[in-house]
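Contents: one structure, followed by commentary.
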Amino acid sequence: MSGQPRTMRSPYMEWAKLHSAARYKLAGSGIKSYPLADLPVRLDQLEIDGPDSYGYPPLQERLAKRNGVAVDCVVAATGTSMANHLAMAALIQAGDEILMEQPTYELLLSLAHYLGAKVLRFPRRLEDGFAIDPQAVRKNLTKRTRLIVITNLHNPSSAPVDEKTLTSIGEMAEQLGARVLVDEVYREAIFDQPTRSAFHLGNHFIVTSSLTKAYGLSGLRCGWILAEPVLAHRLVPTTDARIRGRGSEELLAEVLEQVEVPVEFETGIAPVIVIACRIDTWQLRSTTTMSFGATFACQTILFDVDVPLVTKKQ
């Protein structure tokens with residue numbers, strides 16, 4: 001092999017974890033964290049050891065029930081980021097071509113490059129409300145496209161993708177023998193206009209999500225992949241990479257039995273998605289303006305005009 005070794009690195013995540021502290025931090029992208037003491041489970045109900053197999057059946061069953069799918073379509077993962085990693089690694093090979101929205105969640109872009117993909121982009125423009133134009137997708141597809149990657153709700157803007165658009169993208173992918181990966185971690189934040197998962201639009205859709213953003217349960221790292229049974233079966237052995245034990249899976253199963261969409265948001269109104277580094281190719285500025293949508297739970301902060309940011313140094 002030639003060339004430099006690949007390194008899995010996300011500049012955005014490094015910034016978020018190491019440099020995002022502030023007196024008034026608006027960088028939270030989910031709701032108020034749910035305390036362990038309030039979870040509907042006691043430690044004496046949990047075991048830390050048990051049968052060693054792929055998937056804890058009660059957890060698989062409750063994830064399936066929650067998403068309205070068959071159990072053999074569910075692959076549990078350690079959060080959405082790991083779900084995206086497992087799904088993308090199973091769907092592409094080094095050198096394969098993928099088409100990804102721009103802007104997008106930076107970690108998706110870093111992951112694609114780490115896996116050795118050739119990444120093409122299609123625009124989601126500010127002037128169009130960050131909506132997806134199916135013609136822009138079609139224009140950037142090639143015969144070599146193996147995967148189309150989008151987020152719904154859009155990260156970073158929180159703009160939704162309607163089912164008609166998703167169906168159109170799915171048809172394009174199907175014609176090429178490609179798949180569509182949809183990160184739906186924010187979808188359940190659409191609290192007044194419930195939508196069904198893109199998974200239900202056809203076998204060429206693969207969906208990832210978790211309890212992190214809409215439920216305040218980031219610390220549980222409860223993520224999942226929804227895929228047609230053959231692909232799901234192929235994904236299952238890859239979950240050896242997870243870092244979750246039997247006790248945490250029992251806890252997740254108990255929580256899933258009772259969890260509801262919370263309404264106490266981190267900001268007091270709704271979760272906030274911040275374009276902290278203008279996500280993938282954007283540059284961090286020292287000014288900001290706020291743009292709030294009335295319909296959707298996720299609000300967006302865009303860096304544009306002269307309102308100074310509050311940082312730790314200040």
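The values are calculated or read from the model by the stated rules, or taken from the named source; none is laboratory data. This structure is a prediction, so every number in the text was calculated from the model and none was measured. Because the Cβ atoms are built from the backbone with ideal geometry, glycine has one as well, and the counts that use them run over all protein chains shown.
Summary of computed values
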{"item": "Residue tally, condition more than 14 Å from the chain's Cα centre (by Cα) and at pLDDT below 95, over the range 146-158", "result": "0"}
{"item": "Output for the range 196-221, where each listed residue is polar (S, T, N, Q) and part of a strand (DSSP E or B)", "result": "THR208, SER209, SER210"}
{"item": "Scope the range 164-195; condition under 16 Å from the mean Cα position of the chain (by Cα), modelled with pLDDT of 85 or more and assigned to a loop (DSSP other than H, G, I, E, B); matching residues", "result": "GLU184, VAL185, TYR186"}
{"item": "VAL119 vs. criteria in a helix (DSSP H, G or I) and in contact with a helix residue (DSSP H, G or I) (Cβ under 9 Å, 6 or more places away or on another chain)", "result": "no"}
{"item": "Whichever residue in the range 222-245 is at pLDDT below 80 and in a loop (DSSP other than H, G, I, E, B) and, among such residues, is surrounded by the fewest Cβ atoms within 10 Å (Cβ to Cβ)", "result": "ILE243"}
{"item": "Matching entry among THR212, THR195 (being of a type in the set (Val, Ile, Thr) and surrounded by fewer than 21 Cβ atoms within 10 Å (Cβ to Cβ))", "result": "THR195"}
{"item": "ARG23 over 18 Å from the mean Cα position of the chain (by Cα), in a loop (DSSP other than H, G, I, E, B) and at pLDDT 65 or above", "result": "yes"}
{"item": "Output for the range 105-154, where each listed residue is touching a strand residue (DSSP E or B) at 6+ places or on another chain (Cβ under 7 Å), hydrophobic (A, V, I, L, M, F, W, C) and in contact (Cβ under 8 Å) with a residue 60 or more places away in the chain", "result": "LEU108, LEU109, VAL149"}
{"item": "Among (1) of a type in the set (Asp, Glu); (2) in contact with a His (Cβ under 9 Å, 6 or more places away or on another chain); (3) exposed (fewer than 15 other Cβ atoms within 10 Å of the Cβ), the one test that GLU174 misses", "result": "(3)"}
{"item": "Some residue of the range 198-211 being at pLDDT 90 or above, closer than 20 Å to SER168 by Cβ and of a type in the set (Gly, Ala, Ser)", "result": "yes"}
{"item": "Residue in the range 62-85 that is modelled with the highest pLDDT, counting only those that are part of a helix (DSSP H, G or I), of a type in the set (A, V, I, L, M) and surrounded by 21 or more Cβ atoms within 10 Å (Cβ to Cβ)", "result": "ALA83"}
{"item": "Residue list for the range 155-182, restricted to those being within 15 Å of ALA131 (Cβ to Cβ) and either touching a Pro at 6+ places or on another chain (Cβ under 7 Å) or without any contact (Cβ under 8 Å) to a residue 24 or more places away in the chain (or both)", "result": "PRO156, ASP162, LYS164, THR165, SER168, ILE169"}
